[in-house]
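Chemist: For reference, the structure I am asking about is given below.
The values are calculated or read from the model by the stated rules, or taken from the named source; none is laboratory data. Being a predicted model, the structure only gives us computed values, none of them experimental. When we count neighbours, we look across all protein chains shown, and the Cβ atoms used for this are built from the backbone with ideal geometry, even at glycine. Note: accessible area is taken over every heavy atom of the protein model, side chains too, but ligands, DNA and RNA are not part of it. Shrake-Rupley method; radii C 1.70, N 1.55, O 1.52, S 1.80 Å.
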Amino acid sequence: MFVIRSVPVTFRLSAADFRSVWEHYDSDSNGYIEEQEIDKFLKDLFEAQGQVIAKSDIAGLRATLLECYDLNDDGKIEVAEMSRILPVEENFLLKFKLENKPISNTNFLRIWQHYDNDRSGVLEKSELEKFIVDLMKTNKNISIKPKEMEQISEEILNHFDKNNNGLIEQAELRSILKVPDNYLSSMKLYENLTRQQFSRIFSHYDANGDGFLQGEELLDIVGDMMRMVDIHLSIDQLESLCQSLLSVIDVDSDGRISKNELADLFFTAPDGRNPFSSLILNEGSSPST
């Protein structure tokens, strides 16, 4: 089994090696490493450099590691935080492929914006090739030769380029990355939404179960609401819309949306209208490709 001591930590890890390290220390596959997992990581990290740490020093080292790298102060190390501890070759897809859960709409928008470098609304040849390189290195650490790249690009276009325009569009990249369908698509949101249905919706997006929507949770539900009416926002537009939403319905100004605050928005919207429609008009947002 791959462990950190087998890698010279002064080198920049490949995406595949970083993935192996992460999966080894995230032993319960919950998407982060916590107390005992961090302790094992620290022990192996020091041993890899010829140093032995006493049990009595572990707690202090863990506290120092968290102080330096735990950016959201949750007492755990997530993938993005680990990549700052162990330098890894640049691969934008890596952090999304290691979360042991489907790619959310919000993270998909980040991926799309990264690879659609010229903001044309499609992935052209060079952009698609960059995506393929990262995808192959993330999964199998495979380096692709020019002839192989041409063949792989052709195969991807044959399978996913539904309109045969030689480009990859957003919906087509969603298929490649197996982004789940919109959770809201099976619900009649704007026709007699019941309190029970609303509770199910809120619970789905309240990923950590703390009774509030904030950060990624808020981005996810607002993004899915917009897609319900065929409005496809960029990640920048989505973040701006969420800020507008907070300014309107975050009554206690704590930077998050409670169940009651969201219910006020849903159940006071005119029948048949998206609860966020007035915000969209105020923002002046237009659908993106």
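Chemist: Quick one: is residue 173 open to solvent by less than 30 Å² (accessible area, probe 1.4 Å) and over 30 Å from residue 259 (Cβ atoms)?
Modeler: Details: open to solvent by less than 30 Å² (accessible area, probe 1.4 Å): yes; over 30 Å from residue 259 (Cβ atoms): yes.
The answer is yes for residue 173.
Chemist: Next question, about the same structure. Which of (1) crowded, with 16+ Cβ neighbours inside 10 Å; (2) modelled with pLDDT of 75 or more; (3) assigned to a loop (DSSP other than H, G, I, E, B) does residue 81 not meet, given it meets every other one?
Modeler: All conditions pass for residue 81, except number (3).
Chemist: Of all residues being more than 14 Å from residue 155 (Cβ to Cβ) and touching a Phe, Trp or Tyr at 6+ places or on another chain (Cβ under 8 Å) in segment 119-140, which is surrounded by the most Cβ atoms within 10 Å (Cβ to Cβ)? Just the residue, please.
Modeler: 123
Chemist: How many of the residues in segment 171-180 are part of a helix (DSSP H, G or I) and touching a helix residue (DSSP H, G or I) at 6+ places or on another chain (Cβ under 6 Å)? Steps first, answer last, please.
Modeler: Residues of segment 171-180 part of a helix (DSSP H, G or I): 171-177.
Then keep just the ones that are touching a helix residue (DSSP H, G or I) at 6+ places or on another chain (Cβ under 6 Å); that gives 172, 175-176.
Qualifying residue count, segment 171-180: 3.
Chemist: Could you run through segment 251-289 and say how many residues are part of a helix (DSSP H, G or I), small (Gly, Ala, Ser) and modelled with pLDDT of 85 or more? Spell out how you get there, then give the answer.
Modeler: Here is the first cut: in segment 251-289, the residues part of a helix (DSSP H, G or I) are 259-268, 277-283.
Adding the requirement that they be small (Gly, Ala, Ser) leaves 263, 277-278.
From the residues that got through so far, the ones that are modelled with pLDDT of 85 or more too are 263.
Matching residues across segment 251-289 total 1.
Chemist: Something else: Quick one: in segment 84-107, which of the residues that are open to solvent by less than 40 Å² (accessible area, probe 1.4 Å) and not hydrophobic (A, V, I, L, M, F, W, C) is modelled with the lowest pLDDT? So that I can check it myself, show each step before the final result.
Modeler: Narrowing segment 84-107 to residues open to solvent by less than 40 Å² (accessible area, probe 1.4 Å): 85-86, 88, 91, 93-94, 96, 98, 103-107.
Within this subset, residues satisfying the condition of being not hydrophobic (A, V, I, L, M, F, W, C) are 91, 104-107.
Values: 91: 59, 104: 87, 105: 89, 106: 90, 107: 88.
Looking at the filtered set, the residue picked out is 91.
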